[in-house]
Amino acid sequence: MTTQSADCSIRQAQLRFGLIYWGGAFLSSAVLYALRADAAPGLASHAAYIAVKFLRYGAGWGLTSLISLVLLRLNGWAVRRGPSESALPVFVVASFLIALAAAPLWAGFGQALQALHPLPQLTGRGWDGFIADTALAAALFFGWSCLFISLIYSFELHERGRRLSAAREEALSAQMRALRYQVNPHFLFNTLNSIAGLIEEGATAQAERMVLSLSGFLRSTLSLDPMQDLALADEVALQQDYLQIEHLRFSDRMAFRIDMPAEVRGALVPSLILQPLIENAVKHGVGATTGKVEIVLRARRDGDRLHLSIENDMPPDAGDSRPEGMGLGLRNVAERLQARFQGAGRFSAGRIASGRYLAAIDLPWWLA
């Protein structure tokens, strides 16, 4: 919201609140007059009193509109000089002085109406009546000025909150894009290593097919919006495309199994969130093991949560530390979940048995 549009919104609110403020003062005055024991009898007298009061409080509303304009200009000056909180004492003093300056104008208008159409119910003409009207007007105008200052600060706090929210959203978007784009170089590096391995083994035909498959896979993944969520079925299909690439190299030693009930196929997940997990399973499972390796993708719903896991065979290891090179992909998944879901998304990974590794994702359940 620009400064001009913000000022316009404040002026529109001022007009509405001004009508409520002076309308309330007018109605209160009319009710109090009706309760007076010495109220003048007669319908004509009551109608004249109401008409004069309406004109006087209408003039008050007009004066408060001018006061609000002055305070709005003063606020613009304060904003240009620095934080508006430091200008609060200036606002209060200025409001008091402006109220004192406007009060005689309202009192004089009331005295002029009384001179044109004398009413015994109203304050009498003369100095005493003028002083009484001035005191009432000063209180009303100062009360309105304080209310309008609160209105200005309310709009400023709302605008600051909106800008802060927009800045946070922009920062989150930038972080998500950076993390998402980190997947592609990491994936490309691993896949090129696989192609290099095929070439070293003399499997040039397989290497050529892998290059073509890689080209198609990158074309699909690079077109994805990093902030876009995918249906789980589409995400799994992308991973199957990737596994077809790796299958060209490990066709005799790699088995991939999917345990995904139909009810979870439409659940939304961050695009390519499974990519680093599948890569790690291939690189540190299939690539590091001489025998056949099974990779299992499981998905299930538990209430309002979606659980995803990648489990794979690994070389038996007595220790519990992760093999070198696994940190980047898993850290990327953990950081993406934290950025996307804050505390609502969780990631864990580790050995669950000798020669068996599990990476698990737990995130909110959303449907496409």
Review point. Applying 1/(1 + (r/R0)^6) with R0 = 22 Å to the Cβ-Cβ distance of Trp77 and Cys146, what FRET efficiency is obtained, to the nearest 0.05?
Key: 0.70
Point to revise | Sorted peptide list for 274-285, 13-24, 197-208, 104-115, criterion being average Cβ within 10 angstrom, highest first | key: 274-285, 104-115, 13-24, 197-208
Point to revise | For peptides 334-345, 55-66, sequence by mean Cβ density within 10 Å, most packed first | key: 55-66, 334-345
Review point. What FRET efficiency do you get for Leu164 and Ser9 if R0 is 25 Å and r is their Cβ-Cβ distance, rounded to the nearest 0.05?
Key: 0.85
Practice item. Find how much the distance from Leu55 to Phe189 grows on full extension, using 0.36 nm per residue of separation minus their present alpha carbon separation; answer in nm with one decimal. Key: 40.1 nm
**Study point:** Residue-by-residue Karplus 3J(HN,Hα) for the range 96-103, coefficients 6.51, -1.76, 1.60, Hz, glycine and proline x
**Key:** 5, 5, 5, 4, 5, 6, 7, 4
Check your understanding: What is the extension gain from His307 to Leu328, computed as 0.36 nm multiplied by their sequence separation minus the C-alpha to C-alpha distance, in nm to one decimal?
Key -> 5.4 nm
Practice item. Provide the FRET efficiency to the nearest 0.05 for the Glu294-Gln342 pair, computing r from the beta carbons and using R0 = 56 Å. Key: 0.95
Revision key, fill the gap. Charge dipole of the range 229-368 built from unit charges on the beta carbon (Lys, Arg +1; Asp, Glu -1), centred at mean Cα; most positive-end Cα among Asn280, Ser354, Phe256 is Ser354
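Since every read-out is calculated from the coordinates, none of them should be taken as a lab result. Quantities reported herein were computed from a predicted structural model and do not represent experimental measurements. A quick note on method: Cβ atoms are made from the backbone with ideal geometry, for glycine too, and the neighbour counts reach across all protein chains shown.
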